[in-house]
Amino acid sequence: MPRRVSVLTRGSSGALTSLLGAATAVSLMTACGSSRDLQFRMYDTRHQAGVEIRTTDLVRTSARAGTVPGNPPALYFRLTDEGELKFRRLSRVLAKRGARLHAFQRMAIEIDGKVYARPAVDYKVYPDGLTPDTGFEISLRDLATARRLADKLRSG
């Protein structure tokens, strides 16, 4: 059974977010933008990795909102096979660079042109990067926001 590790951060809106993989959880932030122009990006904050995850890398029909007792409301979604490959490459580049520099390296989570989070990759715990095999979970302050985002991802 894969282990689940959480690295949590709190962004400007105060919402906590987790990005889950087979053996990972990374925190990130998100919010709702215009559904017609949905632009989702995950990328290296130093713009050196040469890979980024975009809206087309999301399995849009997988987006859903939900709650688990004792946890904040969350948005759940998965990446396409290509999106998973890109995420693995991105997190591997960050982990390798982190090992070289002896410092956590960050990716940015951007929706509709606004960065909501800069979660770090722990190169000591994940020296080969993270895997998104079980999808992503983004914890938010309220269920209404999670539902809006799920609707947006599905339809935007």
Residue hits (the range 124-150; touching a residue at least 40 places away in the same chain (Cβ under 8 Å), over 15 Å from G83 (Cα atoms) and of a type in the set (D, E)) are E137, D142
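Quick check on this structure: which one of A74, A63 is surrounded by 16 or more Cβ atoms within 10 Å (Cβ to Cβ) and either among the aromatic types (F, W, Y) or in contact with a Ser or Thr (Cβ under 8 Å, 6 or more places away or on another chain) (or both)?
Working: A63 fails: either among the aromatic types (F, W, Y) or in contact with a Ser or Thr (Cβ under 8 Å, 6 or more places away or on another chain) (or both).
Answer to the check: A74.
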Of L58, L20, the only residue that is aliphatic (A, V, I, L, M), under 12 Å from the mean Cα position of the chain (by Cα) and modelled with pLDDT of 65 or more is L58
Sole miss for Y123 among (1) within 26 Å of A150 (Cα to Cα); (2) at pLDDT 90 or above; (3) buried (at least 20 other Cβ atoms within 10 Å of the Cβ) is condition (1)
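If you check A65, A146, A120, which single one turns out to be over 21 Å from Q39 (Cβ atoms) and among the aliphatic types (A, V, I, L, M)?
A120
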Note on the range 34-84: residues of a type in the set (A, V, I, L, M) and either under 22 Å from R106 (Cβ atoms) or out of contact with any Gly (no Cβ under 7 Å at 6 or more places or on another chain) (or both) are M42, A49, V51, I53, L58, V59, A63, A65, V68, A74, L75, L79
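The values are calculated or read from the model by the stated rules, or taken from the named source; none is laboratory data. Owing to the predicted nature of the structure, the values given are computational and were not obtained by experimental measurement. Positions of Cβ are backbone-derived with ideal geometry, glycine not excepted, and every protein chain shown enters the neighbour counts.
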